[in-house]
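If you scroll down you'll find the structure; I have some questions about it.
Read-outs throughout are calculated quantities, based only on the coordinates presented, and are distinct from any laboratory measurement. Here the structure is a predicted model, which means the values were calculated and not measured. Here the Cβ positions follow ideal geometry from the backbone for every residue, glycine too, while neighbour counts run over all protein chains shown.
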Amino acid sequence: MKKIIVFLFVFLINVQRINASYVVLNQDDNMVIEGSNIHEKRLIASITKVMTAYIVINNSNLNDIVTVGEEVNQAHGSSIYLVKGEQLTVNDLLYGMILRSGNDAAIVLAKYVSGSIDEFVKLMNSEVIKLGLKNTVFMNPTGLDDDIKGNISTAYDMGVITNLAMKNKIFRKIFKTKHYKCKSNIKSFDWYNKNKTLYNYKYTTGGKTGYTKKAYRTLITTATKDNIDLTIVSLNMSDDFNFHKNKYIDIFNKYKKYLIINKYDLNINNKFYKKRKCSFFMKNNYYYLTKKDLLKNLRVEYVLNKDVSLKNNIIGSAYVYDKNKIVFEDPIYLKCIDK
């Protein structure tokens, strides 16, 4: 009987995993390292607030004092318990929204930035268009989906959005904070981050949880080890904290960044420029995240311009292919010492 129960338990876990979506992205270039159902559209719940935070940070003064208005009455679900007339800084509200997933904080911030929730949502969807993401539509800044409207996205799209946000140092600071205290004009707050990977996996650099009955569990986390920055997004997955932790351990063990192009040591043999004592160079080294046994799939091509009239000293381009897919392209520069 015990064997049957254990078998059923394992079977149910496996079924749930099959129905889930997840993706592991390299933060540097949004390269998909691993995933399942990565472009499947789903409700995303409170991981919505990654985009909300990004929009707020880029459209406000963090030190501004925000007075909570009637809009707070629209909030329900997860809350930091704001009341009308309460005053906090934009910065404090951002921490309450990310660490405690305060829907009230999200609504108050949206109203502060755009004057109305609808106008703020337009900003969110405008950013989606800029990113070229075709499977994401935001209906609100919170992630709530109690009525027929809800925010729709995919594991991949939310990973790209997170990677964009992680380029902002203010966002990164908030995203990785475990504990935060602040005061409004009427009370004190003491918040701990709901993202458990911050406590059970030491390489975690941030994260945002989400849950509604319709969306089930959603989770975004980020981690950094050995100069490798990863983002994991999971949708509709139980035991998601352990899944993320174990996936990081696995990826970090298997993948490394390999130097593919040394910016001062380009293997270009051109007799014309060699006679003129010219050297080729690039502005940056290029590293590629991959497994050691997959390095054989990479090849480098240097293409020089036929027109020798240089513009900005650019003489051509370097291309890196992973099998037949271009994964990197950058200008080649020329420096000559004429006799």
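Only Cα pairs within less than 10 Å get springs; with that Gaussian network setup on the chain, which residue of Ile107, Ile117, Ile326 has the largest fluctuation?
Highest fluctuation of the listed residues: Ile326.
Let me spell out the model: positive unit charges on the Cβ of Lys and Arg, negative unit charges on the Cβ of Asp and Glu, origin at the Cα centre of the range 183-300. What dipole size does that give, in debye rounded to 20?
640
Counting only helical runs of four or more DSSP H residues, what would the 222 nm mean residue ellipticity of the chain come to if each run contributes -39,500 (n - 2.57) and the total is spread over all its residues?
-9500 deg cm²/dmol
If you build a Gaussian network model of the chain, linking Cα atoms that sit under 10 Å apart, which residue out of Ala223, Ala318, Ala155 swings the most?
It is Ala318.
Can you find, among Tyr288, Cys278, Tyr333, the residue sitting farthest towards the positive end of the charge dipole of the range 204-335, where Lys and Arg contribute +1 and Asp and Glu -1 at Cβ?
Ranked along the dipole, the leading option is Cys278.
Identify which of the listed values of Cα Rg over 2.2 N^0.38 Å was calculated from the structure shown: (i) 1.19; (ii) 0.95; (iii) 1.03.
Structure-derived value, by its label: (i).
Listed highest first by mean packing, meaning other Cβ atoms within 10 Å per residue, what order do 118-129, 194-205 come in?
Averaged packing, sorted descending, gives the order 194-205, 118-129.
Using Cα pairs closer than 8 Å and at least 6 residues apart in sequence, work out the relative contact order for the chain, in percent.
Result for the chain is 16 percent.
May I pose another question? Taking the Cβ of Pro141 as the center, what net charge do the other residues with Cβ under 10 Å away carry, scoring Lys and Arg +1 and Asp and Glu -1? Intermediate values should be presented prior to the final figure.
Working: positive: Lys49, Lys111; negative: none.
Cβ neighbours under 10 Å give a net charge of +2.
Can you tally the net charge around Asn324? Count Lys and Arg as +1, Asp and Glu as -1, for every other residue whose Cβ sits under 13 Å from the Cβ of Asn324. Let's see the in-between values first.
Values: positive: Arg299, Lys323, Lys325; negative: Glu301, Asp322.
In short, +1.
Separate question: Any idea which of Ala223, Gln74, Asn58 is furthest toward the positive side of the dipole for the chain, if Lys and Arg beta-carbons carry +1 and Asp and Glu beta-carbons -1?
Farthest towards the positive pole: Ala223.
For the chain, build the charge dipole from Cβ charges (+1 Lys, Arg; -1 Asp, Glu) around the Cα centre, then report which of Phe189, Ser36, Ile161 sits farthest towards its positive end.
Looking along the dipole axis, the top candidate is Ser36.
OK, next. With +1 on the Cβ of every Lys and Arg and -1 on the Cβ of every Asp and Glu, and nothing else charged, how large is the dipole of the range 21-253 about its Cα centre, in debye rounded to the nearest 20?
The dipole of the range 21-253 has a size of about 520 debye.
Could you tell me what fraction of 2.2 N^0.38 Å the Cα radius of gyration of the range 226-339 comes to, as a two-decimal ratio?
1.47
Take the alpha-carbon positions of the range 19-108, form their convex hull, and give its projected area averaged over all directions (one quarter of the hull surface) in nm².
Details: hull surface 29.4 nm².
Approximately 7.4 nm², given one-decimal rounding.
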